[in-house]
Amino acid sequence: MVSVSLTGSAPTGCAPTVTVPPLLLPMPDQDPADCSHPDCPDLLRVELSALRHALTGEPPATHVPPSGEADRARHRWFIGHHAAFVVWQLQARALHAVAATPEPPAQSAVSWAATLYDAYSVLFLYSGSCSPELYAAVVRPHISAAHPAFSGAWARDYAAVPAALRVVRGRHPAALLAPLTRAVRDNQRAHMAVAGKLVPSGASLLQQAGRHPADITTTAEHDLYDAYFRVHRRTVCRLGYEAQLVRRLVQCVSDIMVHGLGPNPDGCPERFTHDALSLLTAPVEHIAAQQAQQAQQTPTPLPSKELTT
């Protein structure tokens, strides 16, 4: 991939030096395509190998995180969101699969959906791990330069997640959904904790612009959100799709191993900081197992790492 500089889109004095490669995603209602290129399996294997290397504490040369706090705040903002966009699509598919089961769903299906919620919670924590002062000085001005009412509500990949969750809850008994219910509850706590830390006033850009989160999002706003985060919508093969997620997670892990995740925000479940690395890499274990099954191999387990803060 070719790195694309974001320098030109920031207000004067807030131009990021980090470069972010575009993220190639299908539209939320489209599944990744079947792979037809012989290099696709190798692409995923390379990223899985890089993740195992990152978990040893020595980030691959291609994934050394920024050393400066401002650059690292911007790096985390973009890379964390990129990974979250893929996780959101996986969440929606996992929830739809649970909802489509007329009988009690398999516990593995419920656990997979919960695993994705936990991964997203850590990604949200990672994306917003800078100090409120740095967020106000570096990240928020860059966002508002894209649009004064810029909002996470414009993310087209997330909308299907709460909709699918409502269907799941209406179709299956609560007792069968306990792991998922816990993950959703903890995700909400993490979201409130990070938002409260970064913007103590509680006023979002959308609200400051006189808008309401319940307002209907236009196609133009969805497109602007994609453009800001360098998301290109197109058909992507499954292995290439998964390799992009693993690559972003390698970047997250490499960064956390060197610089840590930072203090746990007030009100955020402590497991998201204490177990950050295992929660982040749990979806990759699932992907690696699927890949090994298709290749009729035994998957190589990822190194177990506990994060100390």
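The values are calculated or read from the model by the stated rules, or taken from the named source; none is laboratory data. Just so it is clear, the structure is predicted and the values come from calculations on it, not from any experiment. Methodologically, a virtual Cβ is constructed for each residue, glycine included, from the backbone with ideal geometry; neighbour enumeration extends over all protein chains shown. Ligands, DNA and RNA are excluded from the accessible area calculation, which covers all protein heavy atoms including side chains. Shrake-Rupley method; radii C 1.70, N 1.55, O 1.52, S 1.80 Å.
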Run residue 20 past the list (1) open to solvent by less than 10 Å² (accessible area, probe 1.4 Å); (2) more than 18 Å from the chain's Cα centre (by Cα) and report the number of the one that doesn't hold.
(2)
From the option list 149, 92, single residue qualifying as open to solvent by less than 30 Å² (accessible area, probe 1.4 Å), at negative phi and in a helix (DSSP H, G or I) is 92
Does residue 156 satisfy the condition of being under 28 Å from residue 109 (Cα atoms), surrounded by fewer than 20 Cβ atoms within 10 Å (Cβ to Cβ) and in contact (Cβ under 8 Å) with a residue 40 or more places away in the chain?
no
Pairs needed: first member in region 77-88, among the β-branched types (Val, Ile, Thr); second member anywhere, open to solvent by 10 Å² or more (accessible area, probe 1.4 Å); C-beta distance under 6 Å; at least 6 residues apart or different chains.
79/251; 87/120
Criterion: under 30 Å from residue 132 (Cα atoms) and surrounded by fewer than 22 Cβ atoms within 10 Å (Cβ to Cβ) - qualifying residue of 56, 62
62
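Among the helices (runs of 4 or more DSSP H) confined wholly to region 192-265, which include 1 or more residues that are touching a residue at least 40 places away in the same chain (Cβ under 8 Å), of a type in the set (Val, Ile, Thr) and open to solvent by 20 Å² or more (accessible area, probe 1.4 Å)? Give the derivation first.
Values: elements: 205-208, 219-228, 238-259.
Per the criteria, 238-259.
Residue-by-condition table, conditions (1) part of a helix (DSSP H, G or I); (2) among the hydroxyl-bearing types (Ser, Thr, Tyr); (3) buried (at least 16 other Cβ atoms within 10 Å of the Cβ); (4) over 17 Å from the mean Cα position of the chain (by Cα):
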{"position": "167", "(1), (2), (3), (4)": "yes, no, no, yes"}
{"position": "170", "(1), (2), (3), (4)": "yes, no, no, yes"}
{"position": "179", "(1), (2), (3), (4)": "yes, no, yes, yes"}
{"position": "190", "(1), (2), (3), (4)": "yes, no, yes, no"}
Somewhere in region 132-141, is a residue more than 20 Å from the chain's Cα centre (by Cα), charged (D, E, K, R) and over 21 Å from residue 286 (Cα atoms)?
yes
